[in-house]
Amino acid sequence: MSDNTLRVSRKWQMTRLFHTIMRYPSGSVAFAFLLVFFAMALIGPWVAPYGPFETIYDKDEMPIRLAAPSAQHWLGTTNHGVDVFSQLLWGARIALVVGVLSALGSVLLGTLIGLLAGYFSGIVDEIIMRFTDIAYGIPFLPFALVVISIVQPSIGLIIILVIAFLWRTTARVIRSQVLTLRERPFVLAARAAGLSELAILFRHVAPNVLPLSFLYVAIGVQAGVMSEAALSFLGFGDPNVMSWGLMLNDAFRAGAMRSAWWWVLPPGICLSILVISTFMVTRAYEELVNPRLRKR
Amino acid sequence: MQGLRRYILRRLMTLVFVMWAILTLLFIVLKTLPGDPTAIFVDSNFAPEMIAAQRAAWGLDDPLLVQYGRYIWNMATFEFGQSFFQAVPVREIVFEKLLNTWAMVLPALVIAIVLGAVLGAMLGWRRGSRGEGTGVALLLALRSAPSFFVAILLLMLFAYQLRWLPSGGMVSLDNDGETFLARILTVDYLYHLILPGLVLLSREITTPALLLRSTMLEVRNSDFVDILRAKGLKERVVVTHAARNAMLPLVTDVAVSLALLFEGQVLLEIIFAWPGIGRELVTALNNLDYPIVQACFFLMALTILILNFIADLLYGLIDPRVTYT
């Protein structure tokens, strides 16, 4: 019975989230774009006419370099004769994988740290908060550049680096939320009922901060996508994986900004739309979690 | 006042602690990660004795703890050593680059704050109008858009297609100003500043504009605005009074966003070939010039910490409701 009501309320919440997103024109457009990107990431590699690093030759065995968009190559080719449209499709998968994994990782870590710091105040809190101070002090991009220049660059390393920085915001917010939650009567009641501290923390306090954590998943996706793109653009990304940042890096170094707009614009526009869409959907969700933001 | 002094002291101690922690982290990263920075210098045909002699000269044979102590001391006294590639002290290179970065950031930021504040106040005052809706949507899009792609777009349009503006650099090659001031007090510098300045503006204008819009909404409904109106003041004067009260949170926000901006600076400086500290970091990394890498990283981290420190202080100084305990 109780299980059933829970399910109903959760379903109702999802509907409410959907309606909040759709209430804004920007929200519904953003949502539609996100669906398109997910489709690209899911089926892109099967739909892509060529490989992301595959040089295409013409009848005379010459690479088709810097061809303008045509029926064969919808978005033209690069200076190495690679099909831009195919690269774009492959890149969507990388962008979403990096975005989602780094967001989930950082929120998981941040929520855990925030829960522990907020619930067990005192020395635990003090130590954890000093680590948060340090995490806030390190400039992300310069630090990531230094690490990547020493170790072999890879997608996994980039995700780890993003997680190592992104947890700080979630941890701080969750901590302050837990600080108020642990004084509530239901925590006292649970303690009086004889539950262990860890059980109280994870079974009774944690579910109350989860909606807030999910907000940071959305924010984290954006940060993850942007970090990967920025690092790849600077030439510090994974050279074996085609991403939008890497496409922009290749185009920038080849001077395509002067001559081959079809090579520069698609990855940049996709990146911008993905990031802006995530941001818009995040805002709608934020309004749902934080009633103070609701339209007056 | 007693409380304020204690608060400042505590924040300063935190700053020193965090800086020390970051330097230690950098030391650990440079020491433990695979890849020996010195291996790049020493050619494989070098005799082993020569390599050993070089390592000794660099102090790489000393115990780790001694190396660590020396490293912290050198950083704390801004003694960055000699560049591997250019035969000049690192200090001479990096401080000039840091100034160059400020020469890009500061003018754009000042304009962004002023324009953003005015824009935000106007948007907040006209709440509910169609102009406000589009304005806010546009600001939000600009805020979340990747600014390095905005930079590429502007570059393609104004530098390569229309050829109105230079595609990069801080000054023209024939501008041989000896000192930093001689270089930036020229029209030439302003001409080079337009494009990167526009990119910075497009991003930095959003923070004050959105912030002032929302605070303006609150101030607009407060009693003193009604009193001003009842006194028969013109609407324009009333807006000015309201805006001044909505301005408070802006100050801290600016310092924080300036700190964030420093991180993104690397990308802009690469795209516009601006000889700033971010571009120097990437160049040094590609050259494996570790003394410069360390110095750049240290100065960037220090700048960000100091800006956040100032933000914290201002927050307390401006808003009398904040107490120090």
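If you scan segment B:210-242, which residues turn out to be in contact with a Leu (Cβ under 7 Å, 6 or more places away or on another chain) and either surrounded by 21 or more Cβ atoms within 10 Å (Cβ to Cβ) or modelled with pLDDT of 85 or more (or both)?
Passing the criteria: B:210, B:211, B:212, B:213.
Which condition from (1) modelled with pLDDT of 80 or more; (2) touching a helix residue (DSSP H, G or I) at 6+ places or on another chain (Cβ under 8 Å); (3) within 14 Å of another protein chain (Cβ to nearest Cβ) is the one that residue B:207 breaks?
With (1) modelled with pLDDT of 80 or more; (2) touching a helix residue (DSSP H, G or I) at 6+ places or on another chain (Cβ under 8 Å); (3) within 14 Å of another protein chain (Cβ to nearest Cβ) applied to residue B:207, the lone miss is (3).
Given the conditions (1) under 22 Å from residue B:288 (Cα atoms); (2) surrounded by 15 or more Cβ atoms within 10 Å (Cβ to Cβ), and given that residue B:87 satisfies all but one, which numbered condition is not satisfied?
Checking residue B:87 against (1) under 22 Å from residue B:288 (Cα atoms); (2) surrounded by 15 or more Cβ atoms within 10 Å (Cβ to Cβ), the one that fails is (2).
When you go through (1) surrounded by fewer than 20 Cβ atoms within 10 Å (Cβ to Cβ); (2) modelled with pLDDT under 90; (3) more than 18 Å from residue A:234 (Cβ to Cβ); (4) within 24 Å of the chain's Cα centre (by Cα) one by one for residue A:194, which number turns out not to apply?
(4)
Just checking, which of B:281, B:267, B:285, B:305 is facing chain A (nearest Cβ under 9 Å) and free of Cβ contacts under 8 Å to residues at least 12 places away in the same chain?
Matching residue, one of B:281, B:267, B:285, B:305: B:285.
Does segment A:228-256 hold any residues that are without any contact (Cβ under 8 Å) to a residue 40 or more places away in the chain, crowded, with 23+ Cβ neighbours inside 10 Å and touching a Phe, Trp or Tyr at 6+ places or on another chain (Cβ under 6 Å), and which are they?
A:245, A:248
If you scan segment A:50-74, which residues turn out to be within 23 Å of residue A:228 (Cα to Cα) and in contact (Cβ under 8 Å) with a residue 40 or more places away in the chain?
The answer is A:52, A:53.
Mind checking whether some residue in segment B:20-34 is at pLDDT below 85 and part of a loop (DSSP other than H, G, I, E, B)?
Scanning segment B:20-34 turns up at least one residue that is at pLDDT below 85 and part of a loop (DSSP other than H, G, I, E, B).
Out of (1) in a helix (DSSP H, G or I); (2) out of contact with any helix residue (DSSP H, G or I) (no Cβ under 7 Å at 6 or more places or on another chain); (3) acidic (Asp, Glu), what's the single condition that is false for residue A:183?
It is condition (1) that residue A:183 fails.
Would you mention how many residues in segment A:148-157 are facing another protein chain (nearest Cβ under 7 Å) and either at pLDDT 90 or above or surrounded by fewer than 17 Cβ atoms within 10 Å (Cβ to Cβ) (or both)?
Final tally of qualifying residues: 1.
The conditions are (1) away from every other protein chain (no Cβ under 14 Å); (2) at pLDDT 75 or above; (3) surrounded by 13 or more Cβ atoms within 10 Å (Cβ to Cβ), and residue B:54 fails exactly one of them. Which is it?
Answer for residue B:54: the failing condition is (2).
Output yes when any residue across segment A:173-184 is basic (Lys, Arg) and at pLDDT 90 or above, and no when none is.
Checking segment A:173-184: at least one residue is basic (Lys, Arg) and at pLDDT 90 or above.
For residue A:105, work out the one condition from (1) within 14 Å of another protein chain (Cβ to nearest Cβ); (2) in contact (Cβ under 8 Å) with a residue 24 or more places away in the chain; (3) not aliphatic (A, V, I, L, M) it doesn't fulfil.
(1)
May I ask you to list the residues in segment B:153-172 that are under 10 Å from residue B:272 (Cβ atoms), under 24 Å from the mean Cα position of the chain (by Cα) and among the hydrophobic types (A, V, I, L, M, F, W, C)?
Residues satisfying the conditions are B:154, B:155, B:170.
For segment A:121-145, enumerate the residues that are free of Cβ contacts under 8 Å to residues at least 24 places away in the same chain and more than 14 Å from chain B (Cβ to nearest Cβ).
Result: A:122, A:123, A:124.
List the helices (runs of 4 or more DSSP H) inside segment A:214-296, counting only whole elements, that have at least 1 residues being within 11 Å of chain B (Cβ to nearest Cβ) and within 16 Å of the chain's Cα centre (by Cα).
In segment A:214-296, A:244-253, A:261-289 are the helices (runs of 4 or more DSSP H) which contain 1 or more residues that are within 11 Å of chain B (Cβ to nearest Cβ) and within 16 Å of the chain's Cα centre (by Cα).
For segment B:82-173, which fully contained helices (runs of 4 or more DSSP H) count at least 2 residues that are closer than 30 Å to residue A:259 by Cβ, hydrophobic (A, V, I, L, M, F, W, C) and within 14 Å of chain A (Cβ to nearest Cβ)?
Once the helices (runs of 4 or more DSSP H) in segment B:82-173 are filtered for at least 2 residues that are closer than 30 Å to residue A:259 by Cβ, hydrophobic (A, V, I, L, M, F, W, C) and within 14 Å of chain A (Cβ to nearest Cβ), what remains is B:130-144, B:147-154.
The values are calculated or read from the model by the stated rules, or taken from the named source; none is laboratory data. Treat the numbers as computed from the prediction; the structure is a model and nothing was measured. Glycine gets a Cβ as well: all are built from the backbone with ideal geometry, and neighbour counts include every protein chain shown.
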